[in-house]
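Only one structure is covered here, and it is reproduced in the block below.
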Amino acid sequence: MDSAAADRVVLFHAHPDDEAIFTGGTIARLVEVGARVSVVFGTNGAHDPNSDLARVRVGEARAACALLGVHRVEFLGFADSGLRGDEAAPGCTAFAAAGVSAVAVLLTDVLRDERATALVVYDEGGIYGHPDHLMVHRAGHAAAEAAGVATVYDATVDREYLHFVETHLVGHAVQSLLGMETPAINAAPLGVPTVLLSTTIDVRAEAVVKRAAMGAHVSQIGPGSETMTMDGTTFDGVYGFEWYVRKGPRGPLERLAF
């Protein structure tokens with residue numbers, strides 16, 4: 001059997017749209033080479049996971065994943081914790097407050113069921129510090145250990161590369177987190193320095209499907225937004241590379257690496 005066809009990769013994301021923004025091109029490429037890809041979301045993308053907004057965002061996530069070719073989509077169903085970690089609706093369990101062990105048990109079940117050969121989470125800073133992203137990192141690594149998944153990739157952004165980019169959704173997220181404008185996209189802590197990256201994937205050839213997947217999240221990234229209206233060359237420059245820090249032995253993403 002071809003090694004790529006034997007790859008079974010699970011990606012763990014905090015909110016619907018994170019999968020497209022940070023890993024959409026990687027997902028599409030994995031599918032292209034024959035890997036089985038599953039995406040697990042910690043939240044439904046709303047402070048009340050039973051709300052109309054949550055149902056909309058679940059539908060958007062399923063549509064985006066279908067565009068990328070994802071084989072399995074799962075939602076753990078926790079509430080979006082918000083930028084401060086305390087914004088869940090009354091009576092709802094915030095993802096960030098759910099407890100690492102409780103979240104890890106749920107993810108471990110998926111990893112074992114999928115017989116995962118690799119797991120993708122976020123870097124230890126949650127890429128930009130969102131409490132739900134921090135939970136993805138902590139619970140994801142705990143689940144990988146419990147399920148015996150040796151290769152874990154921390155999805156991140158190249159902080160120094162973004163210095164040359166005028167706009168990126170993660171930059172706007174950082175500004176929202178800080179409650180202030182930053183003079184440059186990399187002026188606030190986000191991602192990791194270039195030297196810490198283990199794996200860079202050129203996804204410019206997947207830019208069309210990646211942008212379509214991002215655009216499927218209409219409630220978050222509207223058709224008139226800067227991301228959807230920038231020209232193709234600019235989009236390639238801003239979103240055409242995806243970055244990871246690998247923990248453990250080389251795995252399926254190295255077969256795609258730049």
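Quick check: is even one residue across the stretch 70-92 assigned to a helix (DSSP H, G or I), at pLDDT 95 or above and either touching a strand residue (DSSP E or B) at 6+ places or on another chain (Cβ under 9 Å) or surrounded by fewer than 23 Cβ atoms within 10 Å (Cβ to Cβ) (or both)? Checked the stretch 70-92: no residue is assigned to a helix (DSSP H, G or I), at pLDDT 95 or above and either touching a strand residue (DSSP E or B) at 6+ places or on another chain (Cβ under 9 Å) or surrounded by fewer than 23 Cβ atoms within 10 Å (Cβ to Cβ) (or both). For the stretch 39-58, check the following and say yes or no: at least one residue is exposed (fewer than 15 other Cβ atoms within 10 Å of the Cβ), within 23 Å of Val149 (Cα to Cα) and at pLDDT 95 or above. Within the stretch 39-58, not a single residue is exposed (fewer than 15 other Cβ atoms within 10 Å of the Cβ), within 23 Å of Val149 (Cα to Cα) and at pLDDT 95 or above.
Can you say whether Ala61 is assigned to a loop (DSSP other than H, G, I, E, B), within 30 Å of Cys92 (Cβ to Cβ) and either touching a Gly at 6+ places or on another chain (Cβ under 6 Å) or open to solvent by less than 20 Å² (accessible area, probe 1.4 Å) (or both), as far as the supplied structure shows? In short, no. For first residues located in the stretch 92-103 and within 23 Å of Ala147 (Cα to Cα), partners that are not in a helix (DSSP H, G or I) and lie 6+ apart or on another chain with Cβ distances below 6 Å form the pairs Phe95/Gly42; Phe95/Thr43; Phe95/Phe78; Phe95/Ser81; Ala96/Ser81; Ala96/Gly85; Ala98/Phe78.
Among the residues examined, Arg138 does not qualify as open to solvent by 20 Å² or more (accessible area, probe 1.4 Å), within 29 Å of Asp158 (Cα to Cα), in a loop (DSSP other than H, G, I, E, B) and touching a residue at least 24 places away in the same chain (Cβ under 8 Å). For the stretch 28-49, the set of residues classified as in a loop (DSSP other than H, G, I, E, B) and polar (S, T, N, Q) consists of Asn44 only.
The values are calculated or read from the model by the stated rules, or taken from the named source; none is laboratory data. Owing to the predicted nature of the structure, the values given are computational and were not obtained by experimental measurement. Methodologically, a virtual Cβ is constructed for each residue, glycine included, from the backbone with ideal geometry; neighbour enumeration extends over all protein chains shown. Ligands, DNA and RNA are excluded from the accessible area calculation, which covers all protein heavy atoms including side chains. Shrake-Rupley method; radii C 1.70, N 1.55, O 1.52, S 1.80 Å.
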